[in-house]
Amino acid sequence: MIRILLADDHPVVRAGLRAMLSGEPDLDVVADAATPDEAVTLAIDLTPDVVLMDLQFGTDQTGADATRRIRALDDPPAVLVLTNYDTDSDILGSVEAGASGYLLKTLPPRS
């Protein structure tokens with residue numbers, strides 16, 4: 001079972017991701033976070049295997065900031081960035097922070 005933490009500032013996005021992932025038998029969404037600080041706290045408390053991280057939270061902190069903090073933990077989870085932003089600087093910043101990769105939110109779900 002892969003334990004997943006969702007981190008996005010939009011409740012509808014979190015709910016949609018949870019609904020989409022809940023149909024997969026090997027995936028368990030253990031929590032969701034609305035802020036970078038909440039994502040870090042939940043990553044510490046719940047020790048998920050993967051964090052699906054948004055890049056922009058509408059706060060002074062970004063998903064790359066939270067990724068950096070999460071990846072600095074002892075035995076950190078993998079972080080996969082989910083974003084609308086596909087510029088090289090946005091993606092490079094998250095990878096430099098320790099993200100394993102990224103997916104664009106604009107891609108259609110697999111059917």
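The values are calculated or read from the model by the stated rules, or taken from the named source; none is laboratory data. None of the values given here were measured: they were computed from a predicted structure. Quick reminder, even Gly has a Cβ in these numbers, built from the backbone with ideal geometry, and neighbours come from all protein chains shown.
Couple of notes before you dig in:
- Restricting the stretch 71-96 to residues that are touching a strand residue (DSSP E or B) at 6+ places or on another chain (Cβ under 7 Å), in a helix (DSSP H, G or I) and not hydroxyl-bearing (Ser, Thr, Tyr), the residue that is farthest from residue 1 (Cα to Cα) is 90.
- Conditions (1) surrounded by fewer than 20 Cβ atoms within 10 Å (Cβ to Cβ); (2) at pLDDT 95 or above; (3) in contact with a Lys or Arg (Cβ under 6 Å, 6 or more places away or on another chain); number of the one not met by residue 84: (2)
- Residues within the stretch 29-79 that are among the acidic types (Asp, Glu) and more than 18 Å from residue 11 (Cα to Cα), tallied: 6
- Residue match in the stretch 62-74 (condition: loosely packed, with under 13 Cβ neighbours inside 10 Å, free of Cβ contacts under 8 Å to residues at least 24 places away in the same chain and within 28 Å of residue 108 (Cβ to Cβ)): no
- Filtering the stretch 1-13 to residues that are in a helix (DSSP H, G or I) and either farther than 18 Å from residue 94 by Cβ or touching a helix residue (DSSP H, G or I) at 6+ places or on another chain (Cβ under 9 Å) (or both) leaves 11, 12.
- Some residue of the stretch 57-70 being at pLDDT 95 or above, among the charged types (D, E, K, R), in contact with a strand residue (DSSP E or B) (Cβ under 7 Å, 6 or more places away or on another chain) and outside any loop (DSSP other than H, G, I, E, B): no
- In the stretch 34-45, the residues that are more than 19 Å from residue 78 (Cβ to Cβ) form Cβ pairs under 8 Å with partners that are part of a helix (DSSP H, G or I) and not aliphatic (A, V, I, L, M), at six or more places apart or across chains, as follows: 34/11; 34/14.
- Evaluation of residue 27 against (1) touching a helix residue (DSSP H, G or I) at 6+ places or on another chain (Cβ under 9 Å); (2) closer than 19 Å to residue 84 by Cβ; (3) at pLDDT 95 or above (one fails), failing number: (2)
- Hits in the stretch 14-56 (condition: in a helix (DSSP H, G or I) and under 21 Å from residue 108 (Cβ atoms)): 14, 15, 16, 17, 18, 19, 20, 21, 22
- Against the test of being under 14 Å from residue 83 (Cβ atoms) and buried (at least 20 other Cβ atoms within 10 Å of the Cβ), the options 43, 33, 7 yield a single qualifying residue, 7.
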